Amino acid sequence: MKKGILILLVGLLWCNVVYALPKCKGEDYSKWSNCFGTYTSDKGWKYTGEFGNDPGKRHGKGTFIKKTAEQELKYVGHFKDDAFQDYGTLILNLINQNMKIEFKGFWEKPFMRGKETTFFDDGTKSIIVGKFKSLKNISGKMTYISPDGERYYGSVKNSKFHGLGTHYYKDGSKYRGEFKNNKRHGKGTFTWANGKKDKGIWENDKLILKAELNAQITNNLPDVWHKINNKKIEFEKIENNLMTISVVGGPFSDQNLLDFINNLNTKIPAIKSAALTSLVKSNDVDPSSWSFTIKIHLVNK
């Protein structure tokens, strides 16, 4: 039995010797191939690891280090065709921002497809899971978990919550809906820690139109507008009791518009008054370009 184990160990050692790359020769790394070496460039980066068939190209396992006055970067993992590829760990220390970022996951040029990215900021720890082009430009689907219990699951753009998502806040409340530049913006529902819900249209983190009023307004649109797929309705809050409705994408007749304004003034108790402020028919052939804006005064709460 002992003899068998000894033979197995010798065999493993022999395999390592056979397949270990030789040390690179010479000082010109651009000529190195199928070898293991260390090179420090005049641009401030250092590489220690394997080189493949193509001379001068990092290929295989290695360590890449680059230091500047603003940051220190270290990558340990696999390389392919002179770039990070497959599984690896990247540690980025942003000196001026007192922040350390650690990325563990798979690399696919030009994306980082992470299993886990950990941010260390003044001793705290946050985790991001997603697929993104760079650590400063995360776009697509993402999971964010902070050390204090805050979580986000959904779409991001340029490293900000953007699109559909769900945000769980550390006080126990949550918001599910549309985001824009890290803020609640668009249709969504905010659930307070006590279970109370605010549902409607949001703008810059503020609820500007509750779902009930939104439904009443859209339900009073003429039937012909409900059949237009590219019709777009935008709500904008100007002041506490003053807002505008912009509708883009007709077609509509003058009578349709008059009926709609009349319905707003007579059928919705929350509306004090509604009046047309602009009407544009820039192209009679293409009704999708038609638009109008109505200013609405809401009843004081």
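The values are calculated or read from the model by the stated rules, or taken from the named source; none is laboratory data. As the structure is a computational prediction, the values presented were derived from the model and not from experiment. Note that each Cβ is placed from the backbone with ideal geometry, even for glycine, and that neighbours are counted across all protein chains shown.
It is to be established whether one or more residues within region 30-53 are surrounded by 12 or more Cβ atoms within 10 Å (Cβ to Cβ), in contact with a helix residue (DSSP H, G or I) (Cβ under 6 Å, 6 or more places away or on another chain), modelled with pLDDT of 90 or more and not small (Gly, Ala, Ser).
yes
Step by step: first the residues of region 135-159, then only those that are outside any loop (DSSP other than H, G, I, E, B) and of a type in the set (Val, Ile, Thr), then the one that is modelled with the lowest pLDDT. Which residue is that?
Applying the filter and picking the extreme gives Ile145.
Name, by its number, the condition in (1) in a strand (DSSP E or B); (2) at pLDDT 70 or above; (3) exposed (fewer than 14 other Cβ atoms within 10 Å of the Cβ) that does not hold for Ser246.
(3)
Within the group Gly195, Gly188, Gly172, which residue is over 30 Å from Val76 (Cβ atoms), at pLDDT 85 or above and part of a strand (DSSP E or B)?
Gly188
Collect the residues in region 69-97 that are in a loop (DSSP other than H, G, I, E, B) and either surrounded by 13 or more Cβ atoms within 10 Å (Cβ to Cβ) or among the hydrophobic types (A, V, I, L, M, F, W, C) (or both), keeping them in residue-number order.
Answer for region 69-97, where residues must be in a loop (DSSP other than H, G, I, E, B) and either surrounded by 13 or more Cβ atoms within 10 Å (Cβ to Cβ) or among the hydrophobic types (A, V, I, L, M, F, W, C) (or both): Ala69, Asp82, Ile95.
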